[in-house]
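Data first, discussion second: the structure below is written as structure tokens.
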Amino acid sequence: MQKTEQVQYNRAGQKIVSPEYLLFEAPRTKHFMTGSEVVKEAVKRSSVDASVSYPITPQSEAAHMIGELWVEGYVGVYFRGESEFGVMSEIAGCAMAGARTITTTSGPGTLRAMENFPMWAGSRLPIQLVLMARGINSPLSIQPDNLEVSFLLDTGCMIWHAETAQELFDMIIAGFVVAEQPDVHVPIITVIDGFFISHTREAVMLPPDDIALPPYNPYKAPMPPIDMEMSPGRFLRDPYVMKSNYISYATHTSWQFEVRAAIERSRPYAKHLLRGLIEEFGDPEGEIVFVASGTAAAQAKEATQILIHEEGIKARVVRLKTLRPFPTQELIQAVQGAKYIFVPEFNVVGWLEREVRRALYGHVDIPVIGSPRVAGGMTMPPEFIVKEILQFLGKEVKHVV
Amino acid sequence: MKRRRINVRMPAIGGQGAVTAAHIIATAADHAGYHAVSNPFFGAEKRMAPAESYVRIGIEPIYDRGEVVYPDVIMVFHSQVITMGKSYTMPFYSGIKKDGLIIINAEEDLLTERDKEFLESMNVKVFNFSATKFAIDIAGTELATNMAMIGAFFGITQIAGMDSIEEGIKARFLKKFVASGGTMSLDSAIERKFKKKLELIEKNINTAKAAFELANQWAKEQGIEPWLPKPQEVAAV
């Protein structure tokens, strides 16, 4: 019998394809663009229903360009909120109504909106936030620094950290798919280091723009859209968790565990669509191992090449693509054989160092060194990382003039 | 001396188009078959205040991002970078690598004896020419200064020809491209001045070409070889 193929189209007239086809199989062509422009390209292919924006450097251009997509008919609803708090609340309303949603923010905007992130997670809203990290005040900095990621780690949202514009493109599309799985259904925060990705122009491979993700099906949500007054949530009216009794304590506790368990359940989906939760780079025998994410990993890769080719030092990078879920088992496996673990970071507190120590404690006995670390917008030249390693090993530094 | 990577720092004054120049250089290098990445300085720029942008070009994938602290090439877009210290780094050549290159847009020689002594000790070559004069003479506006700087860069480093430069300029002005709100308004100002976009592109290309030829001639006199192996040579190895 002849099989009839059903072709479906979204509101923009794009052909609906499977996430696997869009991410892995569709032919790609090379474009030369910034990370901000890449956000537009990813949203364009994601059948997005609603987006709310508020300008703050360095994410303003990405937010602006999602607005252009609304003008062009690719995004259903788009408006500007009155502040980041307004944006994150309004986008939650859109998601509760059953919309696929995306928004963007940076630095202080993230903290202004902070109350909403655990609310999103507890309400099981698969909202996507593209965070172009810029650091937080005071003193004022608009430059890249990813301290705000530290505050987001325990909000109950999934957090992925992209290294390049290319990875940001792929992560935005995959992010919707993973976040909307019925057994996951929590928010996804796709992080990039602001400016290093948003304002940097590089080659990106893109699938055609006449294909897009299947639309979000809110009826597969673990809690029905709009009607959130059913157990166990009852978020909108008379929530019993606000009463002081043992049932409310137990409900609240179990729900918090459930949100975190949902993040854990995202592992196989993320692993599939991101092709693994970590990436290994450099000499597999490397004794010096950099554990890093985002731009810190990019800088470590460059330093690794200098160490290997010019200093004869065996080095490698273990790059973490996801922070929530944290790739604990993958990391324990990957650092085997290391003599020293360095964790380079673009923030003053060393949140990744803390995470790495916690994951490795009791599993491997390798010194973890939270260095090099820069903050406040400073760049981290590979030469600087190399110098740090050479000094640590007691070798001569001849790179930097 | 053949390299594997060229890191370029471009100190300029806000409004001169250094960010655009970086993007065009990267696009042209990409067209020529190299890996290329460009980015502006990460901050708030304004007219006549320091502005800076960066390009990295190589024969291998480029991971490195952010400000170029240790450049192979420094392109000084405005004399005030040197005379008034309108630069994020002092002196403007701090971090320059051995055997490097400095291209300066100035009518006169602005370097002190001390500067020259240091640069000679690092075997850094200095190409001093008035890019702004090229822009006024050929394009009829100093706004094309960045085009002359682009031409000079490729004329000396010889890593891409005029075909790639033309491609970079066309990609910048023919496609819709949003760098920032300020750049958008600057674009419309330029467009009004030139009336027609194609005319603008042609004038830009001519300015780049004239500077390319002058700089290429200078490079040959200096015995400068192409700075990177050709991409096809890399593929063969």
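Quick note: the coordinates plus some simple rules give every number you see, no bench work behind them. Computed from a predicted structure; not experimentally measured. Ideal geometry is used to build each Cβ from the backbone, glycine not excepted, and the neighbour counts take in all protein chains shown.
According to the calculation over all Cα-Cα pairs in the stretch A:17-80, the P(r) per 5 Å bin from zero is 4, 17, 24, 22, 19, 10, 4, 0 %. Distance between the C-alpha centres of the stretch A:261-324 and the stretch A:355-401: 14 Å, rounded to the whole angstrom.
Only the Cβ atoms of Lys and Arg (+1) and of Asp and Glu (-1) were treated as charged; on that basis the dipole of the protein assembly as shown about its Cα centre amounts to roughly 620 debye. Summarising the label geometry, the points placed 7 Å from Cα in the beta-carbon direction at residue B:233 and residue B:141 lie 3.9 nm from one another.
This model, with +1 at the C-beta of Lys and Arg and -1 at the C-beta of Asp and Glu, gives the stretch B:1-155 a dipole about its Cα centre of some 400 debye.
For the stretch B:3-57, chymotrypsin sites (Phe, Trp or Tyr not before Pro) meeting the loop criterion (DSSP other than H, G, I, E, B) and having at most 13 other Cβ atoms within 10 Å: none.
For the stretch A:333-401, the set of GluC sites (Glu not before Pro) satisfying both a DSSP loop assignment and a count of at most 11 other C-beta atoms within 10 Å is given as A:396. Of the residues A:255, A:160, the one with the fewest other Cβ atoms within 10 Å heads the list, and the complete ranking is A:255, A:160. Annotation: the antiparallel percentage among DSSP beta bridges lying fully within chain B is about 55. Estimated at 0.36 nm per residue, the fully extended path between residue B:199 and residue B:133 surpasses their Cα-Cα distance by 21.8 nm. Applying the Kirkwood pairwise sum to the alpha-carbon positions of chain B produces a hydrodynamic radius of 17.7 angstrom. The simple Förster model, with R0 at 56 Å and r as the Cβ-Cβ distance, assigns residue B:48 and residue A:280 a FRET efficiency of 0.70. The fewest-to-most ranking of A:363, A:309, B:31, B:78 by surrounding Cβ atoms within 10 Å reads A:309, A:363, B:31, B:78.
Within the stretch B:121-163, which residues have the backbone N less than 16 Å from the label spot 7 Å out from residue B:221 along Cα→beta-carbon, could you tell me? Answer for this model: B:125-131, B:152, B:155-157. Placing unit charges on the Cβ atoms of the charged side chains and taking the dipole of the stretch B:1-52 about its Cα centre, the candidate lying farthest along the positive direction among B:29, B:7, B:40 is B:7. Residue exposure proxy: A:264, B:167, ordered by other Cβ atoms within 10 angstrom of their Cβ from fewest to most, comes out as A:264, B:167. Contact order for chain A, expressed relative to its length and based on alpha carbon pairs under 8 Å spaced 6+ residues apart, stands at 17 percent. A dipole drawn for the stretch B:1-131 from +1 and -1 charges on Cβ atoms has a positive end, and of B:94, B:62, B:18 the residue lying farthest that way is B:62. The fraction of all Cα pairs in the protein assembly as shown landing in successive 20 Å bins from 0 to the largest distance is 19, 50, 27, 4, 0, given as whole percents.
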